[in-house]
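Student: If you scroll down you'll find the structure; I have some questions about it.
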Amino acid sequence: MEIKFLVQGSTINQYEVKFIKCSSNILNAYCNCPAAENRLYCKHRLNILSGITDKIISENLSDVEIVQNWLKGTILEFSLNEYKKSEDMINKQIKLLKKQLSNYKKNIAKAMLQEN
């Protein structure tokens, strides 16, 4: 089983994103953008898998739901869930570090105004 989408890239380029359901636990995802062709992270595939449809320009938006159902129970779903957990953890750490940095800046500002 195969589903294809045409998506608008961040420039004038358009890309074809293709999903192939190979078995109950294998869903392959392809895109002809430069990142995917170099076997790198591709936002076009991830967006569709996440249900983000604003860049899809083909007439098959309803097929996104089919692809999301294909994802269930696959190795790809497991990998995406691990990615999302890591991303959440990193974002929490970044928020904490920004707060710490802000406190250090406040301490510097106070130190600059110390009276004798």
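Readers should treat all values here as calculations from the given coordinates under stated rules, not as data from a laboratory. Quick caveat: nothing in here was measured; it's all calculated off a predicted structure. Every residue, glycine as well, gets a Cβ built from its backbone with ideal geometry; the counts of neighbours run over all protein chains shown.
Student: Give the Kirkwood hydrodynamic radius (Å, one decimal) of the range 2-112, defined as one over the mean of 1/r across all pairs of different Cα atoms.
Tutor: 16.3
Student: Which of SER24, SER58 has the fewest other C-beta atoms within 10 Å, and how do the rest follow up to the most?
Tutor: SER24, SER58
Student: Taking the Cα centre as origin and putting +1 on Lys and Arg beta-carbons and -1 on Asp and Glu beta-carbons, what dipole magnitude results for the chain, to the nearest 20 debye?
Tutor: Result for the chain is approximately 720 debye, rounded to the nearest 20.
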